[in-house]
Structures are given as C-alpha cells and as structure tokens.
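The structure under discussion appears below in the form of structure tokens.
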Amino acid sequence: MGRGPAIEALERRCRAHQISNAQVADVSASWFAEITQAEVWEALRDAPWITGLTETMAALRAVGSQLLLATVTWRFAASSSGAPRTATTSRRPLP
C-alpha cells in the first residue's frame with residue numbers, strides 16, 4: 001500500500017522499545033483516516049494472504065482443541081474473519 005518503509009521504521013522503533021504497539025497502530029491507522037473501509041479492502045484485494053486458516057481451525061476443533069485466534073490488526077479487519085469478538089484491547093507494549 002506504499003507504506004512499507006514507514007511501517008518498517010515504526011516496527012524497528014517498537015522493537016527497540018522507543019514506542020508502543022498502540023503508537024504503531026495509531027500512526028498506521030491515521031494513514032487511512034480519509035478513506036472508507038471499502039477502499040481499504042480494495043487496496044488489500046491483491047495483497048498476499050495466508051490461506052487455509054479456516055480449514056486449519058476446523059481440523060483442530062474436530063479433534064477437540066480449544067482455539068484462540070489473536071490479532072494486532074485493526075478491529076475491522078479482524079472482524080471480517082468471522083471469529084467472535086471476545087478479546088480485550090491492551091495498550092501495553094510487548095516485550
């Protein structure tokens with residue numbers, strides 16, 4: 001989406017504990033402030049995606065595994081996965 005160097009710089013600063021995950025999220029979310037979710041999805045349409053998540057989770061459920069899918073992405077993107085929203089939001093930086 002044309003922000004590779006900017007997100008890489010934010011991630012480097014986060015790994016160095018110079019900024020928090022929340023700051024990374026706030027800055028990167030601001031890049032989309034003037035566009036709709038539909039426009040974001042259109043921009044992401046041709047992005048590379050990990051495939052097979054639905055099938056993998058179904059197979060694990062079938063053998064009795066209890067699953068938790070966590071994400072650090074924007075809420076609207078996570079909610080499109082169809083997973084129920086039961087998690088809380090943490091603003092603490094990861095180690």
Is at least one residue of the range 54-67 among the hydrophobic types (A, V, I, L, M, F, W, C), surrounded by 11 or more Cβ atoms within 10 Å (Cβ to Cβ) and at pLDDT below 85? no
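Please specify each residue of the range 1-38 satisfying the condition of being assigned to a helix (DSSP H, G or I), aliphatic (A, V, I, L, M) and either more than 14 Å from the chain's Cα centre (by Cα) or surrounded by 13 or more Cβ atoms within 10 Å (Cβ to Cβ) (or both). Before the answer, list the steps.
Filtering the range 1-38 for residues assigned to a helix (DSSP H, G or I) gives 4-15, 21-30, 37-38.
With aliphatic (A, V, I, L, M) added as a condition, the list becomes 6-7, 9-10, 22, 24-25, 27, 29, 38.
Correct list: Ala6, Ile7, Ala9, Leu10, Ala22, Val24, Ala25, Val27, Ala38.
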Every pair of residues 6+ apart whose Cβ atoms lie under 6 Å, when the first sits in the range 29-57 and is within 19 Å of Ala70 (Cβ to Cβ) while the second is assigned to a loop (DSSP other than H, G, I, E, B): Met57/Leu67
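Hey, does the range 39-52 have a residue that's in a helix (DSSP H, G or I) and assigned by TED's automatic domain parsing to the domain that holds Leu69? Break it down into steps so the answer makes sense when it comes.
Filtering the range 39-52 down to residues in a helix (DSSP H, G or I) leaves 39-44.
Now narrow it down to the ones that are assigned by TED's automatic domain parsing to the domain that holds Leu69: none.
Within the range 39-52, none of the residues are in a helix (DSSP H, G or I) and assigned by TED's automatic domain parsing to the domain that holds Leu69.
The values are calculated or read from the model by the stated rules, or taken from the named source; none is laboratory data. Only a predicted model underlies this, so the values are computations on that prediction, with no experimental measurement involved. Please note: Cβ atoms are built from the backbone with ideal geometry, for glycine as well, and neighbour counts cover all protein chains shown.
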